[in-house]
Amino acid sequence: MAYDKTILSAVLRQLEAARSAHQADADARRLELYDHIPRLRTIDRELQGTSARAIRIALDSGGNPEEAINQLRDRNLALQEEKRSLLVENGFSPDYLAPAVDCPFCSDTGYQDGHLCSCVRKKYAAEQTRRLSTVLPIETDTFSAFRFDYYSNAVDQRLGSSPRYVMHNNFNICREFADSFGEYSGNLLLFGSSGLGKTFLSSCIARVVSDRGFSVAYDTSIHVFSNFEEVKFNGANCEQAALSLEKYRAADLLILDDLGTEMATAFTTSCLYDLLNTRLMQHQPIIINTNLMPNELEKRYSPAIASRILGEFTMLRFLGEDIRRIRQRESR
């Protein structure tokens, strides 16, 4: 599973801030108790000097320091027990002075047994979903909100199916893709005229995949190729553009929206080939939304790009009437 470094760093900083706050609270409790139970201050001072004494014993022993170290260990255990007894005798729990932790598995470090803790993965998913909501309407675009009544039941004689039947099939494939997403999930090409729900279903997929903790990169083709150009020609926003390119290449799922709306040049064709080839070689899933028909891909880009898309993507054709126009009529 790939993680967006920016989001992961933000989550780990949150954990660090929480640890600092808990430690500050514990320190305040400790100082308050020192005035009421002076013996606690003496015990803590002796315990804090344990490491220095252990090193001194090792250096001064001239031989085997094991016996002295064992005596030091026993002394520390006795002090810790005395400390717990003092707390209980004065009406406090034995761990009253220990810093609180939000996660019992990693103690708010973010790592458990050398791996990211489940608490980090949960926070990561929530933060990623929040950030996705700034570029996609994932709060409202959900599978449960998808309306099949926007698509006609009338059979299209050219295809032998109705738009509604086709969209039921597309919907089921997209939902299965989201629910079972993982490595080697494959790729989707959503194509058809504007306003038929391609971005809507992509948004639904993004929400489910993100909530499951996978990293998702979404962008329009115009912005994607603009970032490539910014990096190549060292533009004013080169550093931010480079971070975006890294995200496009590394995310568990890349959603490339509105392919074909950008200006077609040799440069954009080269960038698209690089992006597709990199992700396909690493078996990283891609969703492409486009108004182009499959037979237009080679004319607009190149045979190599058309071959990769037509050979490596599940193609879902979207049919029907522009939903925006239907909504306009409904609003009247």
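The values are calculated or read from the model by the stated rules, or taken from the named source; none is laboratory data. Being a predicted model, the structure only gives us computed values, none of them experimental. Every residue, glycine as well, gets a Cβ built from its backbone with ideal geometry; the counts of neighbours run over all protein chains shown. Side chains are part of the model used for accessible areas, which takes the heavy atoms of the whole protein and leaves out ligands, DNA and RNA. Shrake-Rupley method; radii C 1.70, N 1.55, O 1.52, S 1.80 Å.
Residue-by-condition table, conditions (1) touching a residue at least 60 places away in the same chain (Cβ under 8 Å); (2) within 30 Å of Cys119 (Cα to Cα):
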{"position": "Val216", "(1), (2)": "yes, yes"}
{"position": "Lys247", "(1), (2)": "yes, yes"}
{"position": "Thr268", "(1), (2)": "no, no"}
{"position": "Thr278", "(1), (2)": "no, no"}
{"position": "His283", "(1), (2)": "yes, yes"}
{"position": "Asn289", "(1), (2)": "yes, no"}
{"position": "Lys299", "(1), (2)": "no, no"}
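Taken over the range 302-332, residues that are open to solvent by less than 70 Å² (accessible area, probe 1.4 Å), of a type outside the set (S, T, N, Q) and under 23 Å from Ser202 (Cα atoms) amount to 13. Scanning the range 205-245 for residues that are open to solvent by 50 Å² or more (accessible area, probe 1.4 Å), of a type in the set (Asp, Glu) and either more than 27 Å from Tyr184 (Cβ to Cβ) or modelled with pLDDT of 90 or more (or both) yields a count of 2.
Checked against (1) buried (at least 21 other Cβ atoms within 10 Å of the Cβ); (2) within 23 Å of Leu132 (Cα to Cα); (3) of a type outside the set (Gly, Ala, Ser), Thr261 passes all but condition (1). For the range 246-258, the set of residues classified as more than 19 Å from the chain's Cα centre (by Cα) and surrounded by fewer than 21 Cβ atoms within 10 Å (Cβ to Cβ) consists of Asp258 only. State whether one or more residues within the range 33-51 are in a loop (DSSP other than H, G, I, E, B), closer than 30 Å to Gln282 by Cβ and either at pLDDT below 90 or not aliphatic (A, V, I, L, M) (or both). The answer is no, given that none of the residues of the range 33-51 is in a loop (DSSP other than H, G, I, E, B), closer than 30 Å to Gln282 by Cβ and either at pLDDT below 90 or not aliphatic (A, V, I, L, M) (or both). The residues of the range 194-214 that are within 14 Å of the chain's Cα centre (by Cα) and more than 15 Å from Ile288 (Cα to Cα), listed by number, are Arg207, Val208, Val209, Ser210, Asp211, Arg212, Gly213, Phe214. In the range 167-223, what residues are farther than 27 Å from Tyr150 by Cα and of a type in the set (A, V, I, L, M)? Scanning the range 167-223 gives Val216, Ala217, Ile222.
Only residues that are within 19 Å of Asp257 (Cβ to Cβ), of a type outside the set (Lys, Arg) and assigned to a helix (DSSP H, G or I) were counted across the range 307-332, and they come to 3.
Taken together, Phe105, Phe146 contain a single residue that is in contact with a strand residue (DSSP E or B) (Cβ under 7 Å, 6 or more places away or on another chain) and at negative phi, which is Phe105.
So is Asn169 over 20 Å from the mean Cα position of the chain (by Cα), buried (at least 19 other Cβ atoms within 10 Å of the Cβ) and in a helix (DSSP H, G or I) or not? Judged against the criteria, Asn169 is not a match.
Would you please name the residue that is nearest to Asn295 (Cα to Cα), looking only at residues in the range 153-188 that are among the hydrophobic types (A, V, I, L, M, F, W, C) and without any contact (Cβ under 8 Å) to a residue 12 or more places away in the chain? Spell out the reasoning first.
Let us first name the residues in the range 153-188 that are among the hydrophobic types (A, V, I, L, M, F, W, C), namely 154-155, 159, 166-167, 171, 173-174, 177-178, 181, 188.
Pick out the ones that are also without any contact (Cβ under 8 Å) to a residue 12 or more places away in the chain and you get 154-155.
Working: Ala154: 26, Val155: 23 Å.
The residue in question is Val155.
Beta carbons closer than 6 Å, at least 6 apart along the sequence or on distinct chains, pair a first residue in the range 139-152 that is closer than 15 Å to Leu196 by Cα with a second that is among the aliphatic types (A, V, I, L, M) for Tyr150/Ile323; Tyr150/Ile326; Tyr151/Met167.
Residues being loosely packed, with under 14 Cβ neighbours inside 10 Å and part of a helix (DSSP H, G or I) are represented in the range 177-188 by at least one member.
Within the range 139-161, the residues that satisfy the criterion of being among the charged types (D, E, K, R) and open to solvent by 80 Å² or more (accessible area, probe 1.4 Å) are Glu139, Arg147, Asp149, Arg158. Checked against the criteria, Phe191 does not count as assigned to a helix (DSSP H, G or I), touching a Phe, Trp or Tyr at 6+ places or on another chain (Cβ under 9 Å), at pLDDT 90 or above and under 21 Å from Thr290 (Cβ atoms). Could you tell me whether the range 275-294 includes any residue that is in a helix (DSSP H, G or I), modelled with pLDDT under 95, open to solvent by 20 Å² or more (accessible area, probe 1.4 Å) and over 27 Å from Gly182 (Cβ atoms)? No, every residue in the range 275-294 fails to be in a helix (DSSP H, G or I), modelled with pLDDT under 95, open to solvent by 20 Å² or more (accessible area, probe 1.4 Å) and over 27 Å from Gly182 (Cβ atoms). Here is the figure for the range 265-282: residues that are closer than 13 Å to Arg308 by Cβ and of a type outside the set (Asp, Glu) total 10.
Among residues of the range 108-138 being free of Cβ contacts under 8 Å to residues at least 60 places away in the same chain and part of a loop (DSSP other than H, G, I, E, B), the one that is surrounded by the fewest Cβ atoms within 10 Å (Cβ to Cβ) is Gly114.
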